[in-house]
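Remarks on the structure that follows.
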């Protein structure tokens, strides 16, 4: 990690992932009760996975190890996207709210993509 960054908590990508997680928790609170152990649980686990894997990746000693955790976070973003579409298809949210969440998701995805590229460059330098 760059010397200017003292902690993963200062990273825009981690901050944005936390916002996304909070939004997912808030929207999934309105899912039907019978989804408690289904879609609600699944989407919340995926949402928590994004900032958690970014944090864990930043705690690794080698850029290649870090990148692996960032890829897991990226995979969770795609999982959340699919689950949001399913929630919309099932009538658990409006199209406008879906669009808002997808926009937040895209912002997080772009930040994470840039962060992965940065770490890949670090990895190349350490060879």
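Taken together, the values in this text are just the output of simple stated rules run on the coordinates, not laboratory data. Bear in mind that the values here come from a model prediction, so they are computed numbers and not experimental data. Reconstructed Cβ throughout: ideal geometry from the backbone, glycine too, with neighbour counts over all protein chains shown.
Structure summary
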read-out: Computed [θ] at 222 nm, deg cm²/dmol, the chain (DSSP H ≥ 4; -39,500 (n - 2.57); rounded to nearest 500); value: -26500 deg cm²/dmol
read-out: Extension gain from residue 45 to residue 29, taking 0.36 nm per residue of separation minus the Cα-Cα distance; value: 4.4 nm
read-out: Relative contact order for the chain, counting Cα pairs under 8 Å that sit 6 or more residues apart, in percent; value: 29 percent
read-out: Along each principal axis, Cα extent of the chain, largest first, Å; value: 50, 26, 22
read-out: Residue 94/residue 71 FRET efficiency (R0 22 Å; Cβ-Cβ; nearest 0.05); value: 0.10
read-out: The range 9-30 residues near the modelled residue 107 label - backbone nitrogen below 19 Å, point 7 Å along Cα→Cβ; value: 9-28
